[in-house]
1. Hey, can you tell me all the residues within region 225-242 that are aliphatic (A, V, I, L, M) and within 22 Å of Ala112 (Cα to Cα)?
2. Kindly check whether there is at least one residue in region 70-78 that is surrounded by fewer than 18 Cβ atoms within 10 Å (Cβ to Cβ), under 21 Å from the mean Cα position of the chain (by Cα) and at pLDDT 95 or above.
3. If Ala277 satisfies every condition in (1) assigned to a helix (DSSP H, G or I); (2) touching a residue at least 60 places away in the same chain (Cβ under 8 Å); (3) open to solvent by 10 Å² or more (accessible area, probe 1.4 Å) but one, which is the exception?
4. Which one is nearest to Arg426 (Cα to Cα) among residues in region 172-223 that are assigned to a loop (DSSP other than H, G, I, E, B) and open to solvent by less than 10 Å² (accessible area, probe 1.4 Å)?
5. Which members of region 229-249 meet the condition of being among the small types (Gly, Ala, Ser), part of a loop (DSSP other than H, G, I, E, B) and surrounded by 24 or more Cβ atoms within 10 Å (Cβ to Cβ)?
6. Please go through region 115-142 and give me each residue that is in contact with a Pro (Cβ under 7 Å, 6 or more places away or on another chain) and modelled with pLDDT under 95, ordered by number.
7. Name the residues in region 307-323 that are of a type in the set (A, V, I, L, M, F, W, C) and either open to solvent by less than 10 Å² (accessible area, probe 1.4 Å) or touching a helix residue (DSSP H, G or I) at 6+ places or on another chain (Cβ under 8 Å) (or both), would you?
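The values are calculated or read from the model by the stated rules, or taken from the named source; none is laboratory data. Everything numeric here is computed off the predicted structure, so don't read it as measured data. No Cβ is skipped: glycine too gets one built from the backbone with ideal geometry, and neighbour counts run over all protein chains shown. Areas reflect the complete protein model, heavy atoms only, side chains present, ligands, DNA and RNA absent. Shrake-Rupley method; radii C 1.70, N 1.55, O 1.52, S 1.80 Å.
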Amino acid sequence: MTDLTRIAKERGIKYFLISYMDLFGTMRAKLVPAAAIGEMAKNGAGFAGFASWLDMTPADPDVLAIPDPDSLIQLPWRKEVGWLAADPYMNGKLVEQAPRNVLKRTMEKAEAMGIEPKTGVECEFFLISPDGVDISDASDCQAKPCYDQQALMRRYDVITEICDAMLELGWCPYQNDHEDANGQFEMNWKYDNALRTADKHAFFKYMVKSIAEKHGLRATFMPKPFANLTGNGCHMHVSLWKGGENVFEDKKDELGLSQLGYQFIAGLMHSAQGLTAITNPTVNSYKRINAPRTTSGATWSPNTITYTGNNRTHMIRIPDVGRFEFRLADGAANPYAMQAAVLIAGLDGIEKKRDPGKRLDIDMYTEGHTVKDAKRLPLNLLDALRALESDDVLRKGLGEPFISAYLKLKHADWNEFGRHLTEWERQTTLDC
């Protein structure tokens, strides 16, 4: 076991953030002095579960968040602090609805099949004013701002500080760009084991927000912060590996994808409506996937359950050999629950040998109406929650404790906000 006390002395770490993520994707943490980390690593840091979104009551005993030493990240912008992803326990048992615990169970299932899932995520975000009212750069006003060099370089200090941090952490970042909306950016790093990708995803959101605040700005991964602009997607690239070999790769196939890859895609398509409740978990999410055209001319988000080759108007795109891109998820998605749900649906597709049917190569934005049998994605959060409730694959895979807690809390959200995005909900979602 990694000796965190020794590592703290070697690296000059004075404090540790012992952190877990709740069902709504909020990161919860305690700041622990290095002198106490040995005890915390053994017994965990104590939390009142009712005080976060874990569907608990004030009468429940403490949640003990036991840190995973292998997840340690030393904050590049504050090197005396080390961040640790933690697994919540209660009464000596794992909290079954905790998202990281759900993903770890899913990974164990894949490993029992001799498979290692590897994934990458593309986390789009806006840099906005501290009050959340508008984008932070008034000069960023092109009708088609994607890849705008001037706007990118006006945020050089923020973007390069984040990228330098990823380089220091060994994440292998390889490109940064201004995205399709004014004030929107994306930063890409190398794919990894699905659990490590989820940990990096969770930390990336924290890091981007922290560095933005350092520069007097605010960062948001909110799915649709501005009605006229493209929303924040969180595209996920997926491949499965066995003994160091990518089992999704088949060079004989027209698109370079193996039968297992197509079966995995079929599993996602089979459970897509229920899956949407996990990958698009807020009222605001449905203002992105069912949006009218934006000022740039396209939403870049799917609204049908279809797959294709190198075509960005479908839910699933196969851009290269040995992998596919799942384009449904948005910036509010819980990094752990998203990975778990996608893997559960995809592995079910392999187990059941599901068939995704014939791929579509048309532009779904302009010709989608010609496809009469294409299933559509849910129009709102309530429809998605109902679909999740009736999806046996996801219920079994995610586990009844997770499903019950998640549906209870999300239905309460729906009853609070209805079909409309209130100002309170907007401000809350801006913190995604």
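1. Hits for region 225-242 are Val238, Leu240.
2. Looking through region 70-78, at least one residue is surrounded by fewer than 18 Cβ atoms within 10 Å (Cβ to Cβ), under 21 Å from the mean Cα position of the chain (by Cα) and at pLDDT 95 or above.
3. (3)
4. Filtering region 172-223 down to residues assigned to a loop (DSSP other than H, G, I, E, B) leaves 172, 179-183, 190-191, 215-217, 221-223.
If we keep only those that are open to solvent by less than 10 Å² (accessible area, probe 1.4 Å) as well, we get 181, 183, 221-223.
Working: Ala181: 18, Gly183: 18, Phe221: 12, Met222: 9, Pro223: 10 Å.
Residue satisfying both the conditions and the ranking: Met222.
5. Gly231, the sole residue that qualifies.
6. Hits for region 115-142: nothing passes.
7. Step one: list which residues in region 307-323 are of a type in the set (A, V, I, L, M, F, W, C), which gives 315-316, 318, 321.
Of everything in region 307-323, those that are of a type in the set (A, V, I, L, M, F, W, C) and either open to solvent by less than 10 Å² (accessible area, probe 1.4 Å) or touching a helix residue (DSSP H, G or I) at 6+ places or on another chain (Cβ under 8 Å) (or both) turn out to be Met315, Ile316, Ile318.
Here is a yes/no grid of residues against (1) part of a helix (DSSP H, G or I); (2) open to solvent by 10 Å² or more (accessible area, probe 1.4 Å):
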{"position": "Met40", "(1), (2)": "yes, yes"}
{"position": "Gly46", "(1), (2)": "no, yes"}
{"position": "Trp83", "(1), (2)": "no, no"}
{"position": "Pro88", "(1), (2)": "no, no"}
{"position": "Arg105", "(1), (2)": "yes, yes"}
{"position": "Lys109", "(1), (2)": "yes, yes"}
{"position": "Pro117", "(1), (2)": "no, no"}
{"position": "Val121", "(1), (2)": "no, no"}
{"position": "Glu124", "(1), (2)": "no, yes"}
